[in-house]
Structure formats: structure tokens, C-alpha cells
There are 4 protein chains.
Amino acid sequence: MPNLNLDRAETAILSMDIQKAPVRRSAMFRERNVGQAAKSVLDAARKAGVLIVHVVIDYQPAFFSPKNKFLQKVRIPILSAPGVDVGELLEIVDEVKPMGDEPIIRKPRMNPFFGTALDSMLRSRDIDTVVLMGVATEFVVEAAARHAADADFRVIVLEDCCAAFSDDAHRVSLHIMDHLATLATSADFLENV
Amino acid sequence: MPNLNLDRAETAILSMDIQKAPVRRSAMFRERNVGQAAKSVLDAARKAGVLIVHVVIDYQPAFFSPKNKFLQKVRIPILSAPGVDVGELLEIVDEVKPMGDEPIIRKPRMNPFFGTALDSMLRSRDIDTVVLMGVATEFVVEAAARHAADADFRVIVLEDCCAAFSDDAHRVSLHIMDHLATLATSADFLENV
Amino acid sequence: MPNLNLDRAETAILSMDIQKAPVRRSAMFRERNVGQAAKSVLDAARKAGVLIVHVVIDYQPAFFSPKNKFLQKVRIPILSAPGVDVGELLEIVDEVKPMGDEPIIRKPRMNPFFGTALDSMLRSRDIDTVVLMGVATEFVVEAAARHAADADFRVIVLEDCCAAFSDDAHRVSLHIMDHLATLATSADFLENV
Amino acid sequence: MPNLNLDRAETAILSMDIQKAPVRRSAMFRERNVGQAAKSVLDAARKAGVLIVHVVIDYQPAFFSPKNKFLQKVRIPILSAPGVDVGELLEIVDEVKPMGDEPIIRKPRMNPFFGTALDSMLRSRDIDTVVLMGVATEFVVEAAARHAADADFRVIVLEDCCAAFSDDAHRVSLHIMDHLATLATSADFLENV
């Protein structure tokens, strides 16, 4: 079991895009019980006084650029399909719902640091370590890991708290992130926090 | 009267910090009827189909860094004084209240481009010209003008739609912004839009 | 063959990290003749008057954070090994050497938009489409594709002008980028420019 | 004399735009002996092992946007006038020339944090306090103070190490910065470092 060297006051959990729309597209989320693993991390973080930041997709169709392929081909078709209830699709799933005054970052694009106050929030509290979990591994989680690494945060990815849209993508994404981040599990976190 | 060369589809009005707390500190706001001038600009922009973005102070005490002097010395004392109703102090004043689905950018610091989706919003719509109004001239307006100029937006400052905390600061701030922006008035805008 | 809809005045080629150190770690670079494909693209871009921006690793050991795992585990060991000639390792390989006054962006981290003037350069010229090539596919190329997509650039990745550190990583990285970008080849570019 | 509470390891001096072109436009620079005051600060910082970062104007005419008024009206006319020697105009003046391997940040626009690795450099070294000096007070110095304050750095402005293009602009700019920063003098710095 790795020693994560966690300093509670300088660590933040980022719980990202664990909303119904992406969760439904991830068979892995259900098969591996990712919601329960993530819940155990949030519970432990709350008990330990570790900052939790919830990151969610902010759906603002008026600002969806025609040049942005990801929005045009992935996000808009899902969220603007006929009969769709956007509010319901963007609901955070029960296991990882924000509690009390835990901050929520609404992001306009994929990377949670892009066009948001996330970096400012973390810096203002002298956070130097971010612990990542979310859906999908290869999209929001890897985007966050890449940016946080470039920005000189210490990055920890909790593998069993992430779910991808395919096993292959999960595996390769973790392989890439292994160059930028410490890979660990929810059990490691519970042991170390 | 200057020709502002406005292309409606590529122009956005930024209406910034015209909230009760800063407005009350600005005698100039009342004396010069800044609210009415700003209202006339918003009305004309709505008629012309020009994008309006409302920028407001986002008060999140948990993310106020002890190193940030402006927050410690100015914003926190005003907004956390005993008996203060923060919601009321941060209300946008009646003349310039958002209408319909006009977007609102909540900013954590002074510059409206810092830690927000403002740049993303403007780029996604191919906006290349920003028209600035707000309180105070020397704080949020000048911060926005400086950033927008560095980011290669064409910047227009509507002098009579801005109010400072002193005449001296208003005058010198406009002098600085004259190097970065086109100075104009609400009348110029109404003529040109 | 896809129609890339290239507007020469609004397109930029980003030729990234094709320097001796990463190239030597990529068997794929030699086996697939990536240097020649990239050269054919640069030659065509020069003839067509398309902007070329060279992106290179900037080695500044004094600013390598101890918290940055990628620098500590990957970049520093390679570039500060005993007997190493850093200047030689960071040389751009012959096929894709900058010519004339083509701009060079020196980046301190992985993403070429992080801590550099790249976004400013592209915006100042009204570039809306970036054509990516580089080494490694799964590192700098994917980092650039992700950021450029979030920033609402149209992104084109030239598959045969990218080389990864493994076939598996190349394949999965292209699969991820297919959600954000148009995948094409050097032949497509030559046809369309 | 204020107690600046300087921690040498977490402090950086930013010496900004003290190049011949802006210096020649500032009568105040000569009249108040700003070069000598700045030199005394750099000498003391070197002795104390405090990080010094030199920030300079990077002149890249190819990336001067036609929408950027400051570049079009101020920078380009000065630097591209007939017979002008750009290299000479952008030389750092003798008193504050970089020594040894002191890092130099070349900025494409006014704010030294815009389009540069400055933030990355400071974060990577855990710098939390920036000490500002430069020409002109109301341009680069105030731009840096505003950005650094928003980014939660502790900001100290050394008044006698800054020169403006007019006495009025110097005075009002310091008044604005007094809300964001600690105003001090070179003597305060020498006493406290």
C-alpha cells in the first residue's frame, strides 16, 4: 500500500462529472461499483476535514461554439435530444451528492480548470495535492490530471473511483496518467487520510 | 461623434459590478445619473440583438485568501460587517437588472476574466469587441479594459456609464484606458449600434 | 478523402516536440517515416502561406517543481543524466527545422498552451483552425488537442505526422482525440491546403 | 518603517520593462534616480538569495493584432519608427541588467502574467510574495499588481523603484494599488530582507 503522504489541510478531492448522463454511458461504473467507492472516499474526507470540490458539466447551449467538435458531436446531441430532461441528466448521482456548503464548480468545457475558478479556489486555500475521481476516466479525469500536473499540483488518481466508457480506454488512460500522477485506490486513501 | 464601427454580431456589452454595495460607495453614480445612461445602452443593445453579459461579484468567503489584501481590506469588511444582508448588498441595481436569459458571470476576484468563463463565452460567439460599463471605473472597469486589450479584443469604454469612487480616480483611470481602448459615451453607442 | 475546409489565412500548423530526445524514444517515428510526412506538410504549408508555429520543450531546471511528477520522473532524468548534452537532445530534427522567421514557442510544461504566448499568437492572427503533429501522440499532441478543443479552435490531427511511445498508446490516443478533433493524414492536408 | 514580513525563500523581485524605450519617456525615472534605487534592491536581493525575475517587452510585430489599440498606437509607432534600432531600444538599462542565470520573462502584451510562464515559475518555487518595480508605474507595474493580487500573491510595490510617464499618473496609480498591495520603498526592502 503506497504512502500517499497526505496533509489534510493541503489536499482537495475533486469529484468530477459523476452525473447521470455520463454515468449511464459507462457500464464500468455499475459493474465495478464505482459509486460506492467514491462515496467511501467522500465520507472519509468529510470526517477528516479534507476539502471536497464537486465539478459538474455546465450546459449553456448559447455558448457552444460551432467549431467545438466535442460539444457538437457528443454533448449537444445527448443533452438536446427530443424529450430529454436536461436537469435530470445533469443531476449528480446519489452516492456523491454535495453536502452542506461543499463548493460546486460548473465548467463550460471538458477540463475543470478551463474557464472556472477552480485554480483560484485551490490556490486560495494553499491546496497542493488534488485527489481525482470521476466519469469518464479518459475525458474529465485525464483532462484534470494533465492540467493539474502542468500546474505543479501533486496529483493522485483513485482508479476504482473512476469509470471509463470502455475497458481499453480506462487502461490506457491510467497508463498515461501514471507518468503524471500517483495511481492509488479508495482503500489507499482511507488508510492514508 | 466617433464612428464606433460596431458589428452587432461581434459585439458584447459587459455590465459590471453595478450592485448595491459598490454603487452606494460611489457618489458619482447618483450625481451623474449613471444608472439611466447604462439602462439606455442595455435597452438599445437588446433591441439591436447585441449580446449583454452581466458580471457580478461572487462572494465566497471560504475562498478568500489571507494573502489577498483587496479581499481582506475592502471586500470582506463590507460584506461581512455585523447585520449586513449580503444578498441585498450584491443585488444588481434596478436599472441594469438582467432580463430573460442574459448570461451572468460570477467572478471570484476583481478582473472579470480571472477565474471565469467570460473569455470562453466571448470566443465561442466570435465576439471581437467589448463595450464596458460598471462601478468602479478604476477597479472592475479598468481591470476588464486592461485584460481585454491584452487579449486582443477591441475595447470601448462608455464613460458616462461608469462611476468611480472619486472624481480624480475616474479622470486618471480614463486617461490610462485611453491608451488601450476607445473612449465613448452612451450617446455614441446609441447612435452607432 | 475528407474535405478539411481549410482557409489558409485562418489555419496554423503546430509542429510539436519533434526534438531528438522524444524522437529517440519513439520507434514508431523511424518505422513509419514520420519525419518525412511532417516535412511534406511543412513544405506545403510554406508554399501556401499557412502559418507554422514550432513548439519546443524549454528546459529550465530551476523551475522544475518537486511536486511535478512528470518532470521529476521523466524529463529531468533524461535531460540531466551524466554526460548528456542538453542542447543536442533538444535540437529539432532536421526534417522539421524552423525556416526563416517562423515563430518558436518554448513551453515550460507539457501542454503548449500552458505558460506560453501560443493562444495570444493564434488569436492575434485570427487563426481558428490548428493542425497538429508531434511526438509523442499521447503526450504533447493529445495535450494540445484537448486544450485547443476546449478553447474552441477547430482541431485537425495528422495521424501519420505523430509518433507515440507505443502502438497501443498511439491507437487509444487517436481514439480519444477522434471525439475532439478531425483525424486526417498528411496526404489529406496536401490535397486540401 | 513597515514590517514587510519577508520570507526570502518565498519572495521574488519582479523588475519590469526597465528598458531604454520606456525609460526615455519617463522624466521621473531620471529626476528621482529610480535606476539607483532599483539597483540597490537587486543588489540586496542577490546577497540575500531572493529570486529575481526580469520581465521585458517581447517585440514580435507578426503577432501584433490590428484590434489591439495599445500596440497599434503606442508600441508599434515607437519601435518601428524609421531609423530605430529595436535591439537598442529594448535593452535593459545598465543599473538593472540581469546577472548570471537570473530568469528573463519575455511578454507579448502589457501584463507580465499574460501569455508567459511567470505564474508557473513563481508557483513552482512556492513564491507567495512578489515585490514590484518597473516603468511605467501606471502600465506594467499596475497591470502586474492587479493580476498578482487576483491570483492571491502578497504584493509589495516599491514606490521609489517605479517611474511613471507623469506625476499625476504615478500618484493615482499608487492610490489604486494601495487597495491591492503594500506600498513601501527601497529603504524598507533593504531593512527587511
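Quick notes on this structure:
- Estimated [θ] at 222 nm from DSSP helical runs (n ≥ 4, -39500 (n - 2.57)) normalised by residues in chain C, nearest 500: -9000 deg cm²/dmol
- What the phi angles of the range D:51-57 give under the Karplus curve with 6.51, -1.76 and 1.60, with θ = phi - 60°, is a coupling list of 4, 10, 10, 9, 10, 9, 5 Hz, glycine and proline written as x.
- Using a 7 Å projection from Cα along Cα-to-Cβ, the label point at C:S166 is separated from the same position in the remaining copies by 1.7, 6.5, 6.5 nm, smallest value first.
- Accessible surface comparison of D:R8, C:R154, probe 1.4 Å, protein chains only, largest first: the order is D:R8, C:R154.
- Helix axis angle, D:34-48 relative to chain D longest principal axis, alpha carbon, degrees: 50
- What separates the B:R8 label point from its copies, with the point 7 Å along Cα to Cβ, is 3.5, 5.9, 6.5 nm, written shortest first.
- Mean Cβ neighbour count within 10 Å, used as a protection proxy, ranking A:64-73, A:92-101 highest first: A:64-73, A:92-101
- Gyration tensor verdict on the range B:89-193 (Cα atoms; rounded if a/c is under 1.5, prolate if a/b is larger than b/c, oblate otherwise): rounded
- Alpha carbon centroid spacing (whole Å) that separates the range D:1-66 from the range C:4-74: 34
- Share of carbon and sulfur in the accessible heavy-atom surface of chain B [1.4 Å probe, %]: 49
- Here's the picture: charge each Lys and Arg Cβ at +1 and each Asp and Glu Cβ at -1 in the range B:1-114, and of B:A37, B:S65, B:V84 the one pushed furthest to the positive end of that dipole is B:S65.
- In range of the label at A:K20: residues from the range A:87-104 whose backbone nitrogen is under 17 Å from the point 7 Å along Cα→Cβ: A:87-98
- Accessible surface computed residue by residue for the range B:61-193, with neighbouring protein chains in place and a 1.4 Å probe, gives 33 Å² per residue.
- Interchain or long-range residues, amide H under 5 Å from D:G134's placed H: D:M16, D:C162, D:A163
- In the A-B interface, the accessible area buried, summed over both sides, Å² (probe 1.4 Å): 1400
- Accessible surface ranking that places the most exposed of A:E138, C:E88, B:E191 first, with a 1.4 angstrom probe: B:E191, C:E88, A:E138
- When only the Cβ of Lys, Arg, Asp and Glu is charged (+1, +1, -1, -1), the dipole of the range D:1-158 relative to its Cα centre reaches about 460 debye.
- Here B:K67 is the anchor, and the aspartates and glutamates within straight C-alpha reach of less than 14 Å, apart from those fewer than 8 places off in the same chain, are A:D126, D:D7, D:E10, D:D126, D:D128, D:D150, D:D152.
- Violating pairs (Cα-Cα greater than 21 angstrom) within the set B:K20/B:K97; A:K47/A:K97; B:K69/D:K107: B:K69/D:K107
- Relative to the Cα centre, the charge distribution of the protein assembly as shown, modelled as +1 at Lys and Arg Cβ and -1 at Asp and Glu Cβ, gives a dipole magnitude of about 0 debye.
- Taking the Cα centre of the range A:23-67 as reference, the dipole from Cβ charges on Lys and Arg (+1) and Asp and Glu (-1) amounts to some 120 debye.
- Compared with the dominant Cα axis of chain A, that is its longest principal axis, helix A:167-177 is turned about 50°.
- Those aspartates and glutamates that a straight Cα-Cα span of less than 13 Å connects to C:K73, excepting residues fewer than 8 apart in one chain: A:D178
- Separation of the range B:118-144 from the range A:150-175 is 36 Å, based on Cα centroids.
- Alpha-carbon Debye profile of the protein assembly as shown, log10 I(q)/I(0) at 0.07, 0.10, 0.11 Å⁻¹: -0.50, -1.09, -1.35
- Entry note, chain D: relative contact order of 32 percent, from Cα contacts under 8 Å with a spacing of 6+ residues.
- Across chain B, the fraction of Cα-Cα pairs farther apart than 28 Å, rounded to a whole number, is 19%.
- For the rotation that carries chain C onto chain A, the axis lies closest to a Cβ at C:V172, 2, where the number is the distance in whole Å.
- Per residue of peptide C:131-141, the mean number of Cβ atoms on other chains within 10 Å of the residue Cβ is 1.
- Selected from D:L174, D:M110, D:V93, residue furthest toward positive end of dipole (the range D:68-193; charges at beta carbon): D:M110
- Accessible heavy-atom area order of D:E159, A:E102, highest first, probe of 1.4 Å: D:E159, A:E102
The values are calculated or read from the model by the stated rules, or taken from the named source; none is laboratory data. As the structure is a prediction and not an experimental result, all values here were calculated from the model. Neighbour counts are summed over all protein chains in view; Cβ atoms, including those assigned to glycine, are modelled from backbone coordinates with ideal geometry. The protein model used for the area step is the full one, side chains on, heavy atoms only, and it has no ligands, DNA or RNA in it. Shrake-Rupley method; radii C 1.70, N 1.55, O 1.52, S 1.80 Å.
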